[in-house]
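Visitor: Below: one structure in structure tokens.
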Amino acid sequence: MSKAVEVELAQLKTSINYLVGLLEEGSLVERFDKSTREEIAFVLQLLLSKVKDLPSNIPEHLVQATAVRAIIGASEKFTKVEQADEEEHIARNMREIEAAASIQGHDLGEWEEVAGSAIEYQATCRQCGGFVYVNQVSAYNLLTDDCVRVQM
Ligand SMILES: [Zn+2]
């Protein structure tokens, strides 16, 4: 006699939940770094919630498609986290360079995106025309040590 579908599903959920727990705490695969384990655990959680909502008579290829969507969804979530990290770096570089410029007596205008790039910004001093530049890696201060007003 074959096992009832409900029982199989319950067991699948139990196993995946257990695996997710082990991945998160790291006792099963310590050699994976923390973020890798979190990504795998997140895919499994997403997969579990998507499988749970599937009708019971759904064809196998659609179940597989659901798994693929879960993995893509998880990947998009982590891309967003990475983008947020980059934006945070850029913002911090901006604050640092603004502070340095202010100490040197410069009066920076608004930050503007460097043409063709969403991750590079520059700002120009309203008085001397010197400028500063930041991306997610570095901040470049191209201002003179003392701001000297230029007649334009
Ligand atoms: Zn200046």
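Rule-based calculations on the coordinates, nothing more; no lab input. If you're wondering where the values come from, they're calculated on a predicted model, not measured in any experiment.
Visitor: How large is the Kirkwood hydrodynamic radius of segment 80-152, in angstrom, based on all distinct alpha carbon pairs?
Guide: Evaluated over segment 80-152, this radius sits at 12.6 Å.
Visitor: Could you pull out the pairs from K52/K80; K34/K77; K52/K77 whose alpha carbons sit more than 18 Å apart here?
Guide: The answer is K52/K80; K52/K77.
Visitor: Sticking with this structure for a sec: Which aspartates and glutamates, if any, have their Cα less than 12 Å from the Cα of K50, not counting same-chain residues under 8 positions apart?
Guide: none
Visitor: Rounded if a/c is under 1.5, else prolate if a/b is larger than b/c, else oblate: which is segment 1-95, with a ≥ b ≥ c the root eigenvalues of its Cα gyration tensor?
Guide: Cα axes put segment 1-95 in the oblate bin.
Visitor: For segment 87-117 and segment 1-62, what is the separation of their C-alpha centers, rounded to whole Å?
Guide: 45
Visitor: Give me the Kirkwood hydrodynamic radius of segment 57-106, using the inverse of the mean 1/r over all pairs of distinct Cα atoms, in Å to one decimal.
Guide: 14.2
Visitor: Can I ask one more? Please work out the ratio of the alpha-carbon Rg of segment 20-65 to 2.2 N^0.38 Å and round it to two decimals.
Guide: Against the compact-globule rule of thumb, the ratio is 1.44.
Visitor: May I pose another question? Among the aspartates and glutamates, which fall within straight-line cross-link reach of K13, defined as a Cα-Cα distance under 14 Å, with same-chain neighbours fewer than 8 residues apart omitted?
Guide: Straight-line reach from K13, under 14 Å: D53.
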